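Data block below; observations after.
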Amino acid sequence: MVVRTSVSGAKGRHAGSGRSGFSGARPPRSPIRVVLLALGACAVIAAGTVAGLAAAGSGSPARTLGGPVSATNDPSADARLNVTSPAASSPARSTQSRISAAPAPRATPAAGAGRRDPFGAAAASYLTGRAGTVLAAVYDLRTGRTWHLGHGQPQAEASIVKLDVLETLLSERGQGGGTGLSASEQTLAEQMIEDSDNDAATSLWYAAGGAAGLRSFNARAGLTHTVPSSCVVCPGFAWPGWGLTTTTPDDQIALLRQLITPGSLLTRAARDYAVSLLRDVTLSQRWGVSGGVPAQVTVALKNGWLPLRGADSDWQINSVGWVSGGGRNYLMAVLCAGNPSEQYGIDTIGQLAAMVWQHMG
């Protein structure tokens, strides 16, 4: 709440001795009465002067303590008054009204501490009736607060590892004001992220230095529980082995923050480029953390889906991304193992994401 302090210099109005409010001539006054009236007027003027000096003297200390009064409309002056003069705020206003009226463009962690859990009891109740193991995390970019859902071991990444491949490559190539990627690498990156093309991902996996390259980048990015797969062609596994890289929701949040946070391991151009690819994911793959989010809200995401055993069983379904708009600004990562079908896992994440969207408002 902005408290504006003002000082008004009220001046007394003085009537002239020649003020005329009546018609006709005044009766003549005797000389003695004129002298007495003149002496009385002098006494009144003298008394007023003494009182005025006394009042001016008593007001000086207050102005010294509060600082000089400025006649400008400088907003920073108002802010200083807010900080130094808390007693000036009205006691009738509640604490909640002061917080909501504060002109801060971004909430601090302390201000956001009271935000309710975006997963909440509803999410826990929903997952009780669902098959599989769900691990999730939400990071509020406005407050710096993180919420978690579920407990368990790191899970297979499936195609969300493609975001790690992209960031590793951009970190190695990025110099100056560009992305550092060659034209052919940019084409592969678009195919890998927007279409989730596996052949393009395999090419860029090797270009980024494979498992060793990802481990190096992840260590610098703060990913502490992500283990890149040691094989691309893995015995007894029909799909590219990089999908068996294991991770946690917290590590995926750390990876997403590299795209959103200035001063990260990526250049501004690299961050903008990566986000543009995540925003342009093909329509059929725009499920997951976008569940329940209105169409006009910005969503940048990458999903993964992989049958871990057999052609159509034990599905690993994952979704990570950034949601910004509609009064919300958050990162979300969901890993869902043990799904009986691909669509089952997609439905689980979509419903969970819709709950988070509602609670983050």
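The values are calculated or read from the model by the stated rules, or taken from the named source; none is laboratory data. What you see is a predicted model, and the numbers here were worked out from it, not measured in a lab. Reconstructed Cβ throughout: ideal geometry from the backbone, glycine too, with neighbour counts over all protein chains shown. To get the accessible areas, we keep the full protein, side chains included, count just its heavy atoms, and leave off ligands, DNA and RNA. Shrake-Rupley method; radii C 1.70, N 1.55, O 1.52, S 1.80 Å.
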inquiry  = Checking the structure you have, find out if any residue of the range 274-281 is open to solvent by 30 Å² or more (accessible area, probe 1.4 Å), closer than 16 Å to Lys162 by Cβ, touching a strand residue (DSSP E or B) at 6+ places or on another chain (Cβ under 7 Å) and part of a strand (DSSP E or B).
reply    = no
query = In the set Val299, Val323, Val356, Val275, which member is farther than 21 Å from Gly243 by Cα, at pLDDT 95 or above and touching a Leu at 6+ places or on another chain (Cβ under 6 Å)?
reply = Val275
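Report yes if Arg98 is part of a loop (DSSP other than H, G, I, E, B), at pLDDT below 95 and of a type in the set (Lys, Arg), otherwise no.
So Arg98 fails the test.
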message = If I filter the range 160-169 for residues that are in contact with a strand residue (DSSP E or B) (Cβ under 9 Å, 6 or more places away or on another chain), acidic (Asp, Glu) and in a helix (DSSP H, G or I), do I get at least one hit?
response = yes
ask   = What single numbered condition from (1) closer than 20 Å to Thr246 by Cα; (2) over 15 Å from the mean Cα position of the chain (by Cα) fails to hold for Asp347?
value = (1)
query = When only residues in the range 230-250 that are open to solvent by less than 20 Å² (accessible area, probe 1.4 Å) and touching a strand residue (DSSP E or B) at 6+ places or on another chain (Cβ under 8 Å) count, which is nearest to Thr143 (Cα to Cα)?
reply = Pro249
remark   = Within the range 293-314, the residues that are open to solvent by less than 50 Å² (accessible area, probe 1.4 Å) and on the phi > 0 side of the Ramachandran plot are Asp314
inquiry  = Condition (residue is modelled with pLDDT of 90 or more, touching a strand residue (DSSP E or B) at 6+ places or on another chain (Cβ under 8 Å) and open to solvent by 50 Å² or more (accessible area, probe 1.4 Å)) applied to the range 103-119: is it met by at least one residue?
reply    = yes
